[in-house]
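Enquirer: I have a structure I would like to understand better, so I am pasting it below and will then ask my questions one at a time.
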Amino acid sequence: MIAIIKYNGGNVNSVQNAVRRLNAESVITDDFDTIRNADHVIFPGVGEASSTMHNLRERGLDLLIPSLQQPVLGICLGMQLMCGSNEEGNTRGMGIFDIPVKRFPPADIVPHMGWNTVAEVRSHLFAGCEKNNDVYFVHSYYCELSEYTTSVCDYILPFSASLQKDNFYAMQFHPEKSGSAGSRLLENFLKL
């Protein structure tokens, strides 16, 4: 069973539909026992960092998520909230990835929205994907390159398109909206 974390961030239904297309069973939930006992956990997100983090704290999910032992996948805002801090709303994140999330400069050409190429891939989640895949992004904030970077995208500057540390995986782009490449990435995650 795959647990898709329910909170005030959007896009949970799109993620569930993508999982369903892979013939996998999932549930959208904020129940601690269901999340702890799931085979895989997906932490999606579309929204604003500070209000979303506030909602996670109210539910205790900010403490639960970093404690999980099974494979966990953060998507877009989910990835950003797994980091140490976020310039959006001066938000303290969960610190799974000890890196800051910054706003793209200059503000007049954000958000980064649409298809862009992911390169310098260093993750088995990309197995079976074509080299230099195009995936779908919608974001105004980014993670700098770091020891956790597993793929890179360039928009204004090079940034981390995906991250990985232990059982925690994260993608700034939306695999559920990234066509065949996104489906393969989700499928590879669900095989972990």
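Enquirer: If you add up the charges near LYS102, with Lys and Arg at +1 and Asp and Glu at -1, over every other residue whose beta carbon is less than 12 angstrom from its beta carbon, what do you get? Can you show the working numbers first?
Expert: Details: positive: ARG103; negative: GLU87, GLU88, GLU144.
Residues close to LYS102 contribute a combined charge of -2.
Enquirer: Counting only pairs 8 or more residues apart or on different chains, how many lysine pairs in the chain have their Cα atoms under 20 Å apart? Walk me through the numbers on the way to the answer.
Expert: Numbers: LYS6/LYS177; LYS102/LYS165; LYS131/LYS177; LYS165/LYS191; LYS177/LYS191.
Eligible lysine pairs with Cα atoms under 20 Å apart amount to 5.
Enquirer: While we're here: Show that you can apply the helix-only estimate: for the chain, add -39,500 (n - 2.57) for every DSSP H stretch of four or more residues, divide by all residues, and state [θ] at 222 nm to the nearest 500.
Expert: On the way: 6 runs with 51 residues, N = 192.
After summing the helix terms and dividing by the residues of the chain, the value is -7500 deg cm²/dmol.
Enquirer: Roughly how big is the chain's charge dipole about its Cα centre, with Cβ charges of +1 (Lys, Arg) and -1 (Asp, Glu), in debye to the nearest 20?
Expert: 240
Enquirer: Scan (i) 23; (ii) 50; (iii) 33 for the value of percent of Cα pairs over 26 Å apart calculated from this model and give just the label.
Expert: Given (i) 23; (ii) 50; (iii) 33, the structure-derived one carries the label (i).
Enquirer: I've got another one for you. Counting only protein heavy atoms and a 1.4 Å probe, tell me what percentage of the chain's accessible area is made up of carbon and sulfur. Numbers along the way, then the final one.
Expert: On the way: 3850 of 8400 Å².
Heavy-atom surface of the chain belonging to carbon and sulfur, 1.4 Å probe: 46 percent.
Enquirer: Distance between Cα centroids, region 71-117 to region 40-60: provide it in whole Å.
Expert: Cα centres, region 71-117 to region 40-60: 12 Å.
Enquirer: Work through the residues other than ALA3 whose Cβ is under 13 Å from its Cβ and net out their charges, Lys, Arg +1 and Asp, Glu -1. Walk me through the numbers on the way to the answer.
Expert: Numbers: positive: LYS6, ARG36; negative: GLU25, ASP30, ASP31, ASP33, ASP39.
Result for the local shell: -3.
The values are calculated or read from the model by the stated rules, or taken from the named source; none is laboratory data. Because the structure is a prediction, the values reported are computed rather than measured. Note that we place each Cβ from the backbone using ideal geometry, even for glycine, and neighbour counts take in every protein chain shown. Note: accessible area is taken over every heavy atom of the protein model, side chains too, but ligands, DNA and RNA are not part of it. Shrake-Rupley method; radii C 1.70, N 1.55, O 1.52, S 1.80 Å.
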